[in-house]
Amino acid sequence: MFAGFAFAGTRASAAEESQSAVKQALARMYNFDFNGADRILDAHIRAQPEEPLGYSFRAASLLFRELDRLKILEGEFFSDDKRIIAKEKLEADPKVGRQFYEFVEMGRRRARHRLATQPNDTGSLFAMCISAGLVTDYVGLIERKQLGSLTHAKESQSYAIRLLKVDSTFTDAYMTTGLTEYLLGSVPFFVKWFVKFEGAEGDKNKAVRNLETVTRTGRYLGPFAKILLSIIHLREKRAGECERLLSELARDFPENQLIRKELAKVSALRQNTASP
């Protein structure tokens, strides 16, 4: 019995250490210090090689490094549907792509292994949700295979719903469900007819509510939810809300020059709109 208590205590400590390391890495990632994020995550992976989240967020660092290099993260890209669906492929770095998929698979393999004996393990469910979401972004935004990304998006949605059923307080999962709601709410009716997502109706207002929940109580993805909300508000002609969120992000992550650049653009847009 005492051995059981000792094991439980060790496991809780390991989980706390994992959460702390991932949060530290994300703080560097949100500041666009990808090298700093990688150092933290690599050290975490060496310390806890069987913990899946480290690999998932290491893949995230590679993805966002590539999105930044290709200038996909700039506001004009997401506010212009023609740029999103452009057919020409971007000049992706094949080495980064290989590393990205390797880290995704390493995280998935460990998550599946743990879920085989602990089907309600929230960290593993979240790792599966995150991994599928990352592949969705890579396939859709970098490889420009929007239809091909749908399978991965559905997988991410399925794991998000499963995670919330196990633990309703793990509100980072609302990042996936919120984005799914918005994307479905932005496509034509005939597309919705053929593309079905579990638990999603295409309600843009619900999408915003879900993402706002993540900004308030998400363990990991609160700042990223603000980034997505700022894009949504810009697309929906709510520049004031976009400016407010970008101002908060610029305050919290002062090293991120892209956020400051986008904030300046939105502020100028508001001033020009308000001018007689």
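If you go through the stretch 130-139 one residue at a time, do you hit one that is among the aromatic types (Phe, Trp, Tyr) and under 15 Å from the mean Cα position of the chain (by Cα)? Yes, there is a match, as at least one residue in the stretch 130-139 is among the aromatic types (Phe, Trp, Tyr) and under 15 Å from the mean Cα position of the chain (by Cα).
Taken as a whole, the stretch 115-124 holds at least one residue that is touching a Leu at 6+ places or on another chain (Cβ under 7 Å), buried (at least 24 other Cβ atoms within 10 Å of the Cβ) and assigned to a helix (DSSP H, G or I). For the condition more than 19 Å from the chain's Cα centre (by Cα) and loosely packed, with under 15 Cβ neighbours inside 10 Å, residue 169 does not qualify. Considering the stretch 245-264, and only residues there that are more than 18 Å from the chain's Cα centre (by Cα) and crowded, with 17+ Cβ neighbours inside 10 Å, the residue that is nearest to residue 214 (Cα to Cα) turns out to be 250. Inspect the stretch 223-230 for any residue being loosely packed, with under 15 Cβ neighbours inside 10 Å and either small (Gly, Ala, Ser) or at negative phi (or both) and give the result as yes or no. There is no residue in the stretch 223-230 that is loosely packed, with under 15 Cβ neighbours inside 10 Å and either small (Gly, Ala, Ser) or at negative phi (or both). Every condition in (1) out of contact with any Asp or Glu (no Cβ under 7 Å at 6 or more places or on another chain); (2) buried (at least 20 other Cβ atoms within 10 Å of the Cβ) is met by residue 233 except one, and the failing one is (1). Annotation note: Cβ proximity below 8 Å between a residue of the stretch 253-276 that is part of a helix (DSSP H, G or I) and a residue that is modelled with pLDDT under 80 (sequence gap 6+ or interchain) occurs for 258/74; 261/74; 262/74; 262/75; 265/75; 266/75.
Residue-by-condition table, conditions (1) at pLDDT 95 or above; (2) assigned to a helix (DSSP H, G or I); (3) under 19 Å from residue 123 (Cα atoms); (4) of a type in the set (Lys, Arg):
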position	(1), (2), (3), (4)
172	yes, yes, yes, no
192	no, yes, no, yes
202	no, no, no, no
209	yes, yes, no, yes
214	yes, yes, yes, no
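List the number of the failed condition for residue 159; all other conditions in (1) part of a helix (DSSP H, G or I); (2) surrounded by fewer than 16 Cβ atoms within 10 Å (Cβ to Cβ) hold. Of (1) part of a helix (DSSP H, G or I); (2) surrounded by fewer than 16 Cβ atoms within 10 Å (Cβ to Cβ), only one is false for residue 159: (2). The set of residues from the stretch 138-149 being of a type outside the set (S, T, N, Q), surrounded by 17 or more Cβ atoms within 10 Å (Cβ to Cβ) and either touching a Ser or Thr at 6+ places or on another chain (Cβ under 9 Å) or farther than 25 Å from residue 65 by Cβ (or both) comprises 138, 139, 140, 141. Given the structure, is residue 121 in contact with a Lys or Arg (Cβ under 7 Å, 6 or more places away or on another chain), among the acidic types (Asp, Glu) and over 22 Å from residue 202 (Cα atoms)? For residue 121, the condition - in contact with a Lys or Arg (Cβ under 7 Å, 6 or more places away or on another chain), among the acidic types (Asp, Glu) and over 22 Å from residue 202 (Cα atoms) - is met.
The values are calculated or read from the model by the stated rules, or taken from the named source; none is laboratory data. Here the structure is a predicted model, which means the values were calculated and not measured. Glycine gets a Cβ as well: all are built from the backbone with ideal geometry, and neighbour counts include every protein chain shown.
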